[in-house]
Structures are given as structure tokens and as C-alpha cells.
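Coordinate-derived values only; no laboratory data. This is a predicted model, so every value here is computed, not measured. Note that each Cβ is placed from the backbone with ideal geometry, even for glycine, and that neighbours are counted across all protein chains shown.
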Amino acid sequence: MRRRGLSLLEILIASGIMVAAMVPLWGLMGTSHKQVTLSADEIRVSQLAVEILEQIENKGWFPADGSYPVKAESGKLISIGNAIKVEVQVGSFPEYLDLDGKISVKRYPPAPRAETGKIMSLELNYKSKEQVGEEIKNYELSTFVSGN
């Protein structure tokens, strides 16, 4: 007599092999999704940093040396500086990023030579969507702005 079909034991063994092969792939997909989200958040923050520094350069903001706080709100106009202020329009970004930071300004070249411009370093602190706990990431970008 010829045997037709598969036995229950053969089906269970084949299913077990398939599940054993798929489990590592499911874990890998979760990890890659997290990395993509982390990268996307960093790209958003880097674009905002470039946007802020380009506007500062174009407006010719030339403050005294020091550190100035930056609190960015999505799609809003922000004011940076103390005595001499500059207003910068920030593009939209996800609220979970909770962007804040500072701009550090220092003369270049250092004294005693004549100053030719300022080095402006923008440091933005943010929270990623895929972070664990209250981990805060930061992104720093610098530019040179020529003198008055």
C-alpha cells in the first residue's frame, strides 16, 4: 500500500525548523527598525541645526563672546541672544524631540591678534523616539562667521 500525504510528526518537525529559522530574523527586524528611527531623528536635528546656523549667518548676528540658550519649538520663531538678539524661524519637527541647547560664540583668532570673525558652535539636545528612559542625545555643529 502506498502512503499519501504527510504525517503529523513530519509537519511538526518542518514547522519547528521554519520557526527556528525565523526567530533570529524577527529580532533583526526589530533592531534595524530602532536604528532607522534613531538615524532619522539625528538627521532631523542636524537639518534644524544647519537651518538655524544658516539664518544666523545670513542675518549677520555678531554678539559678544559667550553662551546663549536655544529653546526651539516646532514651526515657531525663536529669539536668541541677550543684548543683541537674532530671530530665527525654525521648521517643523516632531514634538517628542524636545529640542533645546545653546550657541557658544568665541572670537577668532584668539587674542592678541586682530579679530577676523567668530566661531559659533550650536549644540542641540534632543530625545529620540526609540530611546530607553530619559536618555538625552546631543548634536553639535560649528561655523565661522566673518567680522563686522
Over the chain, relative contact order from alpha-carbon pairs under 8 Å, at least 6 apart, %
20 percent
So how tilted is helix 8-59 from the main axis of the chain? Cα-based, degrees 0 to 90, rounded to 10.
10 degrees
Pair Ile13, Ile78: separation of 7 Å Cα→Cβ label points (nm):
6.4 nm
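Can you give the FRET efficiency to the nearest 0.05 for Ser67 and Leu141, using r as the Cβ-Cβ distance and R₀ = 22 Å?
Working: r = 15 Å, r/R0 = 0.69.
The value I calculate is 0.90.
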Around Lys106, what is the net charge, scoring Lys/Arg as +1 and Asp/Glu as -1 over all other residues with Cβ under 13 Å from its Cβ?
+1
Taking the Cβ of each residue in Ser146, Ser121 as the centre, tally the other Cβ atoms inside 10 Å and list the residues starting with the fewest.
Ser146, Ser121
Starting with the fewest neighbours, write out Arg44, Arg4, Arg107 ranked by other beta-carbon atoms found within 10 Å of each beta-carbon.
Arg4, Arg107, Arg44
When the chain is treated as a GNM, springs tying every alpha-carbon pair under 10 Å, which of Gly16, Gly27, Gly117 comes out with the largest mean-square fluctuation?
Gly16
Among Gly66, Gly30, Gly75, which one shows the highest mean-square fluctuation when the chain is modelled as a Gaussian network with alpha-carbon springs under 10 Å?
Gly30
Could you compute the net charge surrounding Asn125? Neighbours are other residues with a C-beta less than 13 Å from the C-beta of Asn125; K and R count +1, D and E count -1.
-4
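Would you mind ranking Glu54, Glu135, Glu130 so that the residue whose beta carbon has the fewest other beta carbons within 10 Å leads the list? If you can, show how the numbers build up before the last one.
Values: Glu54 12, Glu135 9, Glu130 15.
The order, fewest Cβ neighbours first, is Glu135, Glu54, Glu130.
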Where labels lie 7 Å past Cα in the beta-carbon direction, separation of Glu130 and Lys85 in nm:
3.9 nm
Out of [x] 47, 32, 25; [y] 101, 32, 26; [z] 56, 26, 20, which label holds the value of Cα extents along the principal axes in Å that was computed here?
[y]
Ser121-Ser39 pseudo-label distance in nm [points 7 Å out on the Cα-to-Cβ vector]
2.8 nm
Which residue, Leu12, Leu48, Leu77, has the most motion in a Gaussian network model of the chain that connects Cα atoms within less than 10 Å?
Leu12
Structure-based [θ]222 nm, the chain - -39500 (n - 2.57) summed over DSSP H runs of at least 4, per residue, nearest 500
-13000 deg cm²/dmol
